[in-house]
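To keep things clear, I will list the structure first and then write my remarks on it.
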Amino acid sequence: MAILAWVAEKVLQARAKLQVIKTQSVPVNRVLGWIQGFELVKAVFSLHQLPGGKIGYFAMVMVFSLSKLADLVTTTFVQQVPIQSRCDFGEGLVFNETGPPLFAWPPVNGAPYIAPGAIADLPIVVHNSQYFASNNSCPYGIYNKVNRDTNFCPQDQDILGTWLCSNGSPITYTAGYPVEEIAADFLNKGLLYTNASLEKSAFGDYYDHFVMWSSSAESDTSDAVWNVLAAVQTNAWPTDPVVMLPLSCSMNASNAETIQSQMESITALQVWKLSFQGLMFYGSGTPAVDDPGQELAMLLNTMVMVYGGNNILLSIPDLDADQTQGCIVMAANVPLAVEALVIVVAASLVGLISLLVIYSIQLWTKDKVLREVIRHVPDTVVAWAALAAKEHRISKQGNFSGRVRQRELKDWVVGLETVNGERKLRIMPGDVIPDERPLQDNWSQRGLLA
């Protein structure tokens, strides 16, 4: 907007100079310079005329209005919104698709799973990366690299795949029904494999938070891609009938199959069963989480990532690999109203520049001497002060034909001067001779006026 105001001011100056050439004079109200704000109203009442003339006044009002409207629209409608982008990865856990892994199964107590210095119920680094992604409306899954960035928002190039878990029909047993018999019943119904790991919270003859899961691998050395059959107790109180929800999970991540197949899955599920139990409930005396299947899928994703990343959070991607990851950043949302305002301002600027070029060409074609004379037509407060200083010189020196340069005004003052025995307010040089200095009154003589 400042550029628009500056160009508009130059147009008005050029227009005034052309009028001086054409009519030998221009009304003072048209060469008062650029006015804005409350002065636009005040000047009308002071002059009883429109400062700048009709066209000039309209231009000043328009530019001032556009400036305030732009401020209002920008602060009201332009907002910071989250958008998906790419951010530098730095270091973290980097998934090795080919192996070989350093461990037989993923450690459950390492920094990649549990935050440094934390206990099992505190923030989980790799697992939380999936929560960060979900909170940012991005997919959870098995990622090729993760770190602690809470703005993590994976894109297709960051995702190797994911585990998918589906729910079966709940099966109800009497309160306190033996967990071994429940496991046997699930095995007979094809809802569990023979190597199941079980975990519960016992209360005498009763229990709650009972979970069990099993691997399709025949042994820890089968070296084949494996699936998971599991079940979760969904009722809250130990004395309630036991309601078990069957879950069936398989991994859909071809680039992670090489690593996943090398995991000793039977032992891994046995080691991780407490984590499985902890993620399925909201705490003591609570029912199962809203979506046990999703929570289990995310846990299995975590196990594969920790295993494939060798339980290390200080890795960096290979030099020829992508050094970025998907993330959420804040950006300005520019609505249509702001875009329309920008177009209006741009169109006004183009129009004013075109008009300025036309006026400048017209001035350039005039006589050189005449151009030099009108070059000093006042159009600012400083220019008017320079003109007033020049008029003072002429009043004192009738043959004065020069001009007072604007930079010379630093040596001029405004004060009282004796003219024909009367004190009048004048502009005058700061080094006037003594008999030209302002009269002193008693107050100033006493030093009360600076």
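VAL338 meets the conditions (1) of a type in the set (A, V, I, L, M, F, W, C); (2) in contact with a helix residue (DSSP H, G or I) (Cβ under 9 Å, 6 or more places away or on another chain); (3) modelled with pLDDT of 80 or more; (4) over 29 Å from CYS87 (Cβ atoms) in every case but one. The failed one is (4).
In segment 68-96, of all residues being charged (D, E, K, R) and loosely packed, with under 15 Cβ neighbours inside 10 Å, the one that is farthest from GLN155 (Cα to Cα) corresponds to LYS68.
Residue check: LEU300 meets all listed conditions (1) in a loop (DSSP other than H, G, I, E, B); (2) over 33 Å from the mean Cα position of the chain (by Cα) but one, namely (1).
VAL94 meets the conditions (1) assigned by TED's automatic domain parsing to the domain that holds SER348; (2) in contact with a Pro (Cβ under 8 Å, 6 or more places away or on another chain); (3) at pLDDT 80 or above in every case but one. The failed one is (1). If you check HIS376, HIS392 for being touching a strand residue (DSSP E or B) at 6+ places or on another chain (Cβ under 7 Å) and either surrounded by 13 or more Cβ atoms within 10 Å (Cβ to Cβ) or in the same structural domain as LEU425 (by TED's automatic domain parsing) (or both), only one passes: HIS392. Check segment 271-281 and report whether any residue there is out of contact with any Pro (no Cβ under 6 Å at 6 or more places or on another chain) and within 15 Å of THR162 (Cβ to Cβ). No, segment 271-281 has no match at all.
Checking VAL271, VAL289, VAL304 one by one, the residue that is hydrophobic (A, V, I, L, M, F, W, C), more than 18 Å from ILE171 (Cα to Cα) and surrounded by fewer than 21 Cβ atoms within 10 Å (Cβ to Cβ) is VAL271 and no other.
Please state which one of THR221, THR234 is surrounded by fewer than 23 Cβ atoms within 10 Å (Cβ to Cβ) and within 28 Å of PRO139 (Cα to Cα). Before you say what the answer is, go through the steps one by one.
On the way: THR221 fails: within 28 Å of PRO139 (Cα to Cα).
The unique qualifying residue is THR234.
Mind listing whichever residues of segment 22-64 are touching a helix residue (DSSP H, G or I) at 6+ places or on another chain (Cβ under 6 Å), outside any loop (DSSP other than H, G, I, E, B) and farther than 30 Å from LEU341 by Cα? ASN29, LEU47 - these are the residues of segment 22-64 that are touching a helix residue (DSSP H, G or I) at 6+ places or on another chain (Cβ under 6 Å), outside any loop (DSSP other than H, G, I, E, B) and farther than 30 Å from LEU341 by Cα. Inspect all residues belonging to segment 36-48 and state whether any of them is on the phi < 0 side of the Ramachandran plot, out of contact with any Lys or Arg (no Cβ under 9 Å at 6 or more places or on another chain) and buried (at least 17 other Cβ atoms within 10 Å of the Cβ). Yes.
In summary, PRO139 fulfils each of the numbered conditions (1) over 26 Å from the mean Cα position of the chain (by Cα); (2) in a loop (DSSP other than H, G, I, E, B) with the single exception of condition (1).
One line per residue, one yes/no per condition, for (1) within 24 Å of SER169 (Cβ to Cβ); (2) of a type in the set (Gly, Ala, Ser); (3) not assigned by TED's automatic domain parsing to the domain that holds ALA184:
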| position | (1), (2), (3) |
| --- | --- |
| ASP205 | no, no, no |
| PHE210 | yes, no, no |
| ALA217 | no, yes, no |
| THR221 | no, no, no |
| LEU229 | yes, no, no |
| THR234 | yes, no, no |
| GLU257 | no, no, no |
| GLY283 | no, yes, no |
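Specify which of the listed residues (ILE328, ILE316, ILE312, ILE353) is of a type outside the set (Phe, Trp, Tyr) and within 30 Å of GLN13 (Cα to Cα). Give the steps one after another, and end with the answer.
On the way: ILE328 fails: within 30 Å of GLN13 (Cα to Cα); ILE316 fails: within 30 Å of GLN13 (Cα to Cα); ILE312 fails: within 30 Å of GLN13 (Cα to Cα).
The conditions single out ILE353.
Restricting ILE316, ILE353, ILE328 to those that are in contact (Cβ under 8 Å) with a residue 24 or more places away in the chain, touching a Ser or Thr at 6+ places or on another chain (Cβ under 9 Å) and farther than 18 Å from ASP71 by Cβ reduces the list to ILE328.
Could you look through segment 393-450, keep only residues that are in contact with a His (Cβ under 9 Å, 6 or more places away or on another chain) and assigned to a loop (DSSP other than H, G, I, E, B), and pick out the one that is modelled with the highest pLDDT? I'd like the intermediate steps shown before the answer.
Within segment 393-450, the first condition is being in contact with a His (Cβ under 9 Å, 6 or more places away or on another chain), and the residues that meet it are 403-404, 412, 426-429.
Now narrow it down to the ones that are assigned to a loop (DSSP other than H, G, I, E, B): 403-404.
On the way: ARG403: 75, VAL404: 78.
The qualifying residue modelled with the highest pLDDT is VAL404.
Residue pairs whose Cβ atoms lie under 8 Å apart, separated by 6 or more positions or on different chains, with the first residue in segment 73-84 and under 18 Å from VAL344 (Cα atoms) and the second exposed (fewer than 12 other Cβ atoms within 10 Å of the Cβ), are VAL78/ALA332.
Scanning segment 357-382 for residues that are modelled with pLDDT under 80 and part of a helix (DSSP H, G or I) returns LYS368, VAL369, LEU370, ARG371, GLU372, VAL373, ILE374.
The values are calculated or read from the model by the stated rules, or taken from the named source; none is laboratory data. Given the structure is predicted, the values throughout are model-derived calculations rather than measurements. A quick note on method: Cβ atoms are made from the backbone with ideal geometry, for glycine too, and the neighbour counts reach across all protein chains shown.
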